[in-house]
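The values are calculated or read from the model by the stated rules, or taken from the named source; none is laboratory data. Quantities reported herein were computed from a predicted structural model and do not represent experimental measurements. Here the Cβ is made from the backbone with ideal geometry for all residues, glycine too, and neighbour counts use every protein chain on show. SASA here: full protein model, heavy atoms, side chains in, ligands and nucleic acids out. Shrake-Rupley method; radii C 1.70, N 1.55, O 1.52, S 1.80 Å.
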Amino acid sequence: TAVSNCPIQSGTIATREGLYFNPKRPGNGLASYSYGGGWYTADTERKPTWYQLAGGYVDNLLRMPLRGTFNSAAPGGVAVGLIERGSAWIARVDTALVLFAWQFDDGRSGAEIMSASLAPAPRPAVNRTETWFAQTQPGWGLAIESVLTGGQTLEAYGVFIYDNAGDPRWVLGTGNGSNGTAVQLSGFRPHCPGCPWLPNWTATQSPAGTLTPTFSCETGGTVNTAITLPGPLQGTWNRTNLPIVPVLPPAR
């Protein structure tokens, strides 16, 4: 029987903001926020790449285009453009669990359960969990998650940048939340979406330089980067005292 409305209403699940991954298949993951975020993964050559995710949740499901990025002003400048590669969905399962599904326009598709990387740790008094970017250089940025562990602050950083050819690349690091302290960054060669998982992907970890954030408050600061992408990638990403802001004020 066709009906014009449904009296059953679904309750809103308040998913935890921050970084997500599949612990049974690490090497890919999400920087997941209320408006989307980013998918960090790899191409078929095991070179790290990322896609932009942006949309809005309706009934605990976020539907959005899967957008690739490129920097047409590389290597010296920043002029980032977008190209739609397919579609993606994030379905809230519970507070710290989501189902991420993707479909490329070339026919590749898949889905996996992802859990919050740093849950159920609480947030510290100074919380920077958000996507941060430079308003003067939009199209690249930082995904930050702040937690308390053992009474100490731990901050995880995903740094989404571009190589000398303008292709999107990412590096990771962790710090203790101290202002002006250099965070050591690493590059990796993980598996691509739908490719066989590489159980030794962490063995590909290579030094990638440093990130030095200095925050004036929860909604402002500056960043220094001295990043050199490890081979076979080629590229550097150097910034000095660049002002950055979060997309939204960090959520508790």
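Taking the stated definitions as given, is residue 120 in a loop (DSSP other than H, G, I, E, B) and open to solvent by less than 20 Å² (accessible area, probe 1.4 Å)? When the stated conditions are applied, residue 120 does not pass them. Output the residues belonging to the stretch 99-117 that are of a type in the set (Phe, Trp, Tyr) and either without any contact (Cβ under 8 Å) to a residue 24 or more places away in the chain or surrounded by fewer than 16 Cβ atoms within 10 Å (Cβ to Cβ) (or both). Matches in the stretch 99-117: none. Would you confirm, using the coordinates I've provided, whether residue 67 is under 16 Å from the mean Cα position of the chain (by Cα), within 26 Å of residue 164 (Cα to Cα) and open to solvent by 40 Å² or more (accessible area, probe 1.4 Å)? For residue 67, the condition - under 16 Å from the mean Cα position of the chain (by Cα), within 26 Å of residue 164 (Cα to Cα) and open to solvent by 40 Å² or more (accessible area, probe 1.4 Å) - is met.
A residue that is under 20 Å from residue 37 (Cβ atoms), open to solvent by 20 Å² or more (accessible area, probe 1.4 Å), in contact with a strand residue (DSSP E or B) (Cβ under 9 Å, 6 or more places away or on another chain) and not charged (D, E, K, R) cannot be found anywhere in the stretch 199-218. Would you pick out the residues in the stretch 78-92 that are surrounded by fewer than 15 Cβ atoms within 10 Å (Cβ to Cβ) and either of a type in the set (Lys, Arg) or outside any loop (DSSP other than H, G, I, E, B) (or both)? If the condition is that a residue be surrounded by fewer than 15 Cβ atoms within 10 Å (Cβ to Cβ) and either of a type in the set (Lys, Arg) or outside any loop (DSSP other than H, G, I, E, B) (or both), then 81, 82, 83, 84 are the ones that fit. For the residues 1, 69, 49, 44, the requirement of being out of contact with any Phe, Trp or Tyr (no Cβ under 6 Å at 6 or more places or on another chain), at pLDDT 90 or above, part of a loop (DSSP other than H, G, I, E, B) and among the polar types (S, T, N, Q) singles out 44. For residue 15, indicate whether it is modelled with pLDDT under 95, surrounded by 14 or more Cβ atoms within 10 Å (Cβ to Cβ) and either among the basic types (Lys, Arg) or not in a strand (DSSP E or B) (or both). For residue 15, the condition - modelled with pLDDT under 95, surrounded by 14 or more Cβ atoms within 10 Å (Cβ to Cβ) and either among the basic types (Lys, Arg) or not in a strand (DSSP E or B) (or both) - is met. Per this entry, residue 57 is counted among residues that are in contact (Cβ under 8 Å) with a residue 24 or more places away in the chain, open to solvent by 40 Å² or more (accessible area, probe 1.4 Å) and among the aromatic types (Phe, Trp, Tyr).
Please pick out the residue among 193, 249 that is open to solvent by less than 70 Å² (accessible area, probe 1.4 Å), within 19 Å of the chain's Cα centre (by Cα) and closer than 27 Å to residue 34 by Cβ. Step by step, each of 193, 249 is checked, and only 193 is open to solvent by less than 70 Å² (accessible area, probe 1.4 Å), within 19 Å of the chain's Cα centre (by Cα) and closer than 27 Å to residue 34 by Cβ. Restricting attention to the stretch 29-54, which residues are among the polar types (S, T, N, Q) and open to solvent by 10 Å² or more (accessible area, probe 1.4 Å)? Those that are among the polar types (S, T, N, Q) and open to solvent by 10 Å² or more (accessible area, probe 1.4 Å): 34, 44, 49, 52.
The single condition among (1) open to solvent by less than 40 Å² (accessible area, probe 1.4 Å); (2) over 19 Å from residue 247 (Cα atoms); (3) in a strand (DSSP E or B) that residue 74 does not satisfy is (3).
Looking only at the stretch 52-66, residues that are modelled with pLDDT of 95 or more and polar (S, T, N, Q) come to 1 in all.
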